[in-house]
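Note sheet for the following structure.
The values are calculated or read from the model by the stated rules, or taken from the named source; none is laboratory data. Keep in mind the model is a prediction, meaning the values are calculated, not measured. Cβ sites come from the backbone with ideal geometry, for glycine too, and all protein chains shown count toward neighbours.
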Amino acid sequence: MVKAYVLIKTVNGVENEVLRQILELSVTEEAHLTFGLYDIIAEVKGRDMETLVEIITMKIRPIEGITDTQSLMAIDAEIDMSSTSLAS
């Protein structure tokens, strides 16, 4: 499984309805209203990266009231920082 965090901007006043629709998607792990640049953050999961792209473009972006999205793909692998110059 792969995971993405989708930051969502909506038209003013429809945030709760958009949140409800996102939470109804079977791929949504969590979703919350937020303050700031984005109105909603949603954690979605998929079988692979291609599935995530399809979920975001075909199921989330078409929801009425969404004006913009920013997707952050999660990397759940251990990264060995000991071999980099950042480790010191």
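Residues of the range 37-48 being modelled with pLDDT of 95 or more and assigned to a loop (DSSP other than H, G, I, E, B), which ones? Result: Leu37, Tyr38, Asp39. The residues of the range 1-42 that are surrounded by 13 or more Cβ atoms within 10 Å (Cβ to Cβ) and among the aromatic types (Phe, Trp, Tyr), listed by number, are Tyr5, Tyr38.
The set of residues in the range 43-53 being exposed (fewer than 12 other Cβ atoms within 10 Å of the Cβ) and acidic (Asp, Glu) consists of Asp48, Glu50. Consider the range 9-36 and keep the residues that are in a helix (DSSP H, G or I) and of a type in the set (Asp, Glu). The one that is farthest from the chain's Cα centre (by Cα) is Glu17.
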